[in-house]
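In what follows, a structure is listed as structure tokens, so that the remarks can point back to it.
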Amino acid sequence: MSATPSPRLALRGNPRLGLALGTLTLLVALVALLIVTPQLAERAGASDFQARLLAPTTDYWFGTDVLGRDLLARTLQGLALSLWVGAAAALLGTLIALGLAALACLDRRADAVVGLLVDSVLGLPHLILLMLIAFALGGGTQAVIIAVALTHWPSLTRVLRAELLQLQQADYVRLSRRFGKSRGFVIWHHLLPALLPHCLVGGLLLFPHAILHEAALTFLGFGLSPGQPAIGVLLAESMRYLSAGYWWLGVFPGLGLLLLVLAFDRLGNALRRLLTPHEAQQ
Amino acid sequence: MLEIDHLALDFLRYRGLWQREAVPCLRDVSLSLVRGEVHAVVGASGAGKSLMAQAIIGLLPGNARLRGELRLDGAPLDAPRQAALRGKRLALIPQSLAALDPLVRSHRQVTWAAQRAGVSAPRAAAERALTEVGMVGDSARRYPHQLSGGMARRVLLAMATAGEADWLIADEPSVGLDPAHRDGVLDQLRRLADAGKGVLLITHDLRHALSVADRVTVFHAGTTLETAPADAFQGRGKALASGYARALWRALPDNDFARPPVHEVAPLA
Amino acid sequence: MLEAHDITLGYRPGVSVLRGVSLQLAAGEWLGLSGASGSGKSTLGRALAGHHTLRSGSLQLDGAPLPRHGLHPVQWLPQVPELAVNPRWRIGRILAEAWTPDAALRQRFGIGDDWLERYPHELSGGELQRVAVLRSLAPGVRYLIADEISSMLDAITQAELWQTLAEVAEQRDLGVLVIGHDRALLKRLCQRRLWLENGQLCAEA
């Protein structure tokens with residue numbers, strides 16, 4: 001299979017370019033969101049009792065809530081908040097997973113302990129554990145981040161542990177030691193670079209979970225305080241008015257959340273495909 | 001008759017991050033397989049032999065671009081026909097043991113293969129196919145991870161033969177087997193051919209291919225150089241047309257074990 | 001002289017793959033080792049190269065125990081070269097992990113300068129096996145364990161690989177243990193041949 005020069009093909013129908021454009025669009029949208037939201041704070045907080053529960057109009061694209069606040073501004077603020085919470089929780093969760101996976105590979109007993117930990121956390125219902133931790137920590141942004149991080153590491157830990165165990169047995173890793181390379185060299189030059197793509201993809205796929213669970217926690221009243229315009233708070237408020245026909249209160253924040261989650265899920269999966277050697281060329 | 005007529009194949013690959021280019025992998029492949037013969041295709045690894053098998057069966061990856069023609073019994077073997085015949089009249093014995101479903105016991109996988117092929121009594125057909133490859137009793141009921149490499153190969157062979165396919169394409173069926181099992185697999189391919197099937201045996205192992213093959217096609221750098229009867233491989237290889245085929249024959253450890261002069265194996269211009 | 005005295009080892013408690021194996025491999029000697037699949041050939045090969053902890057018995061190089069750190073004087077070459085190299089490294093870096101062979105020696109193994117910038121998946125199995133063999137020839141390596149290194153190769157590539165290795169081994173007085181099924185190949189290469197069965201060695205005529 002020699003790679004002789006051949007005519008370059010047009011960029012049309014190039015899946016990798018599609019992924020790049022998608023990522024770029026998403027990034028631009030997120031940066032715009034983060035820039036815009038601080039300026040929307042006033043608008044989101046300002047209540048106007050002349051304009052209570054207005055259906056979407058040209059002035060209020062997403063309508064207004066029961067206190068006459070602009071729902072568009074509040075949704076965008078909620079998404080920005082979710083973004084921060086999700087990113088922090090996903091990062092924390094990935095670090096926990098990496099640490100535990102490394103620990104599991106040290107010796108047999110540590111591996112058994114980590115395995116037990118993974119199984120027991122996976123065995124408990126997610127949401128109940130989330131609520132317990134958030135409640136114990138007293139609620140608020142930090143509590144939510146910690147609770148989400150503490151419940152979202154097990155599956156990634158499993159993946160990383162399996163990968164590390166396999167790598168340690170790999171011929172090229174064993175040979176490296178026989179060439180006189182130190183343990184540190186092997187970890188730094190062979191193991192970590194091989195794990196990095198898994199961490200990246202795993203973290204990115206943790207992100208939508210983290211956002212969804214943050215929203216769920218807040219919706220149930222165990223998360224962010226009702227004063228913060230979080231998506232979960234918006235959705236919880238909307239429940240009281242949905243049956244009265246004020247559909248926009250639930251639909252727009254919900255759709256925003258769905259879009260954000262889907263975007264990150266798609267991005268994570270595309271990246272995973274790209275980093276899988278035999279799928280990368282297709 | 002299964003005919004491959006000037007088949008060429010490119011792969012689209014990324015050069016750098018964005019640009020795709022076509023990398024030729026098969027340049028000019030022609031051969032014909034008739035019923036009742038074992039037709040060996042030998043050549044170096046990476047010469048494109050497995051790609052040819054995938055092209056025949058219609059299981060190429062999405063970034064492959066194919067030119068040339070495939071015909072089965074005179075009619076073009078295009079994608080819809082491949083899909084219709086695959087697993088029924090056309091069977092592939094894949095090179096990778098990962099082709100087995102890790103969660104299903106081997107005898108069930110063979111039964112499924114027979115079912116897909118439309119056999120009227122799939123269970124009996126599977127039983128017979130497994131017995132033919134010497135997998136009886138407990139060993140046929142194991143999961144793939146409980147099988148040795150040799151057993152897994154024989155299960156793959158049973159899957160291909162349970163459906164009474166007319167055309168078998170065996171991609172390196174003996175790799176990783178010890179001599180006794182290798183001879184068993186090769187003997188069975190010979191018996192299948194004697195029973196009227198056409199068998200394409202893709203291998204890098206010229207010596208053992210010769211023990212069962214009727215004809216041998218020599219493959220080099222994505223090109224079929226020549227097709228010779230198996231008995232042309234003897235003595236100094238005078239009966240062989242191409243220098244590469246002669247060099248391949250002479251390089252065997254029980255012949256000269258000779259490193260060929262460079263010009264004989266230089267990549268084709 | 002590389003000597004194994006009465007080696008016993010296994011993977012699971014109570015089950016021994018090798019049971020009291022002793023062998024001697026002299027400098028410059030080519031020794032063949034075959035046996036049915038699952039007989040423990042590969043385990044023995046890896047044990048000689050220090051990849052396994054022995055249950056009992058000892059390994060000695062010229063009467064002294066083998067070093068535990070630094071470059072191991074006995075190098076193991078596995079059957080599948082794709083697994084023996086880091087798929088994320090370029091060929092140049094892969095070679096340099098063990099040593100830096102000069103251009104003349106690289107040329108003898110047919111490894112051109114332009115290969116050094118390539119990745120393993122851009123080479124064929126035979127080409128990559130040559131890289132793995134050259135990498136294992138670092139100065140200080142005295143013995144090679146070649147574990148079926150040519151069983152996936154076509155006859156020409158196989159002959160080229162062994163001829164080149166034989167030349168270098170003769171120059172450097174390397175001892176080589178050739179593990180394989182191919183009787184004709186072992187006959188060609190080795191002065192002595194051994195057969196491993198049920199975890200024990202016997203001489204083969």
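The values are calculated or read from the model by the stated rules, or taken from the named source; none is laboratory data. Keep in mind the model is a prediction, meaning the values are calculated, not measured. Reconstructed Cβ throughout: ideal geometry from the backbone, glycine too, with neighbour counts over all protein chains shown. Side chains are part of the model used for accessible areas, which takes the heavy atoms of the whole protein and leaves out ligands, DNA and RNA. Shrake-Rupley method; radii C 1.70, N 1.55, O 1.52, S 1.80 Å.
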The percentage of the accessible area of the range A:143-184 (probe 1.4 Å, all protein chains present) made up of carbon and sulfur atoms, to the nearest whole number, is 50 percent
Pairwise label distance in nanometres, B:R81 with C:S56, each label 7 Å out on the Cα-Cβ vector: 6.9 nm
Restricting to Cα pairs below 8 Å that are 6+ residues apart, what does the relative contact order work out to for chain B? Please round to a whole percent. 24 percent
How far, in nm, would the chain grow between C:A104 and C:R88 when pulled straight, counting 0.36 nm per residue and subtracting the alpha carbon separation? 3.1 nm
Accessible area of C:C190, 1.4 Å probe, to the nearest 10 Å²? 10 Å²
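Give me the 1.4 Å probe accessible area per residue for the range A:149-282, excluding ligands and nucleic acids, in Å².
47 Å²
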Rounded to the nearest 100 Å², what is the sum over both chains of accessible area buried where A meets B, with a probe of 1.4 Å? 1700 Å²
On average, how many beta carbons from a partner chain sit within 10 Å of the beta carbon of a residue in B:41-49? 4
Residue-normalised accessible area of the range B:90-164, given per residue in Å² at a 1.4 Å probe: 48 Å²
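Apply the Kirkwood formula to the range C:5-113: the hydrodynamic radius equals the inverse of the mean of 1/r over all pairs of different alpha-carbon atoms; give it in Å with one decimal.
Value: 16.5 Å, from the Cα pair sum.
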Two decimals, Cα atoms only, Kirkwood Rh: what is Rg/Rh over the range C:61-160? 0.97
Heavy-atom accessible area per residue of the range C:132-205, all protein chains kept, 1.4 Å probe, expressed in Å², is 37 Å²
For the range A:158-227, fraction of C-alpha pairs farther apart than 14 Å, in %: 69 percent
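Using a/c under 1.5 as the rounded threshold, could you call the range B:69-221 rounded, prolate or oblate? The axes a ≥ b ≥ c are square roots of the C-alpha gyration tensor eigenvalues, and prolate needs a/b larger than b/c, oblate otherwise.
Oblate shape, in that a/c is at least 1.5 and b/c is the bigger or equal ratio.
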Expected 222 nm ellipticity per residue - DSSP helices of 4 or more, -39500 (n - 2.57), all of the protein assembly as shown, to 500: -14500 deg cm²/dmol
Rg(Cα) / (2.2 N^0.38 Å) computed for the range C:52-92, rounded to two decimals: 1.61
Within a Cβ distance under 9 Å of A:F179, other residues only, what is the Lys/Arg minus Asp/Glu net charge? +3
Tell me the accessible surface of A:L103 in square angstrom (1.4 angstrom probe, heavy atoms of protein chains only), to the nearest ten. 80 Å²
How big is the dipole moment of the range A:66-275 about its Cα centre under a simple scheme where the beta carbon of each Lys and Arg is +1, that of each Asp and Glu is -1, and everything else is neutral? Debye, nearest 20, please. 680 debye
Tally up the carbon and sulfur contribution to the accessible surface of the range A:188-280 as a whole percent, 1.4 Å probe, everything protein left in place. 72 percent
Chains C and A: what accessible area do they bury, summed, in square angstrom to the nearest 100, with a 1.4 Å probe? 1700 Å²
By its C-alpha gyration tensor, with a ≥ b ≥ c as the square roots of the eigenvalues, how is the range C:70-125 shaped: rounded for a/c under 1.5, else prolate for a/b larger than b/c, else oblate? oblate
Which whole number gives the average count of other chain Cβ atoms within 10 Å of the Cβ atoms across peptide C:159-168? 3
Under the 0.36 nm per residue contour assumption, what length would be gained going from the current alpha-carbon distance of A:T57 and A:E42 to full extension? 3.4 nm
Report in % the part of the accessible area of the range B:122-262 that belongs to carbon and sulfur, leaving out ligands and nucleic acids; probe 1.4 Å. 51 percent
Where q = 0.08, 0.11 Å⁻¹, what log10 of I(q)/I(0) comes from the Debye formula for chain C, counting one point per Cα? -0.26, -0.50
Where labels lie 7 Å past Cα in the beta-carbon direction, separation of A:A162 and B:A99 in nm: 2.4 nm
If you count the DSSP beta bridges with both ends in chain C, what percent of them are antiparallel, to the nearest 5? 50 percent
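C plus B alone minus the pair: what accessible area, both sides summed, probe 1.4 Å, in Å² to 100?
Numbers: alone 10220 and 12880 Å², together 21200 Å².
Rounded to the nearest hundred, the buried surface is 1900 Å².
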How many angstrom lie between the Cα centre of the range C:142-187 and the Cα centre of the range C:23-89? 15 Å
Loop by DSSP (not H, G, I, E, B), at most 15 other beta-carbon atoms within 10 Å: where is the longest site-free stretch of chain A for chymotrypsin sites (Phe, Trp or Tyr not before Pro)? A:62-246
Whole-number value, in Å³ per residue, for the convex hull of the alpha carbons of the protein assembly as shown is 208 Å³
Restricting to Cα atoms and excluding each atom paired with itself, what does the Kirkwood estimate give for chain A in Å? 21.5 Å
Please report the projected area of the range B:90-164's Cα convex hull averaged over all directions, in nm². 4.3 nm²
Taking Rh as the Kirkwood radius computed over alpha-carbon pairs of chain B and applying Stokes-Einstein at 25 °C with viscosity 0.890 mPa s, one gets a diffusion coefficient in µm² s⁻¹ of 127 µm²/s
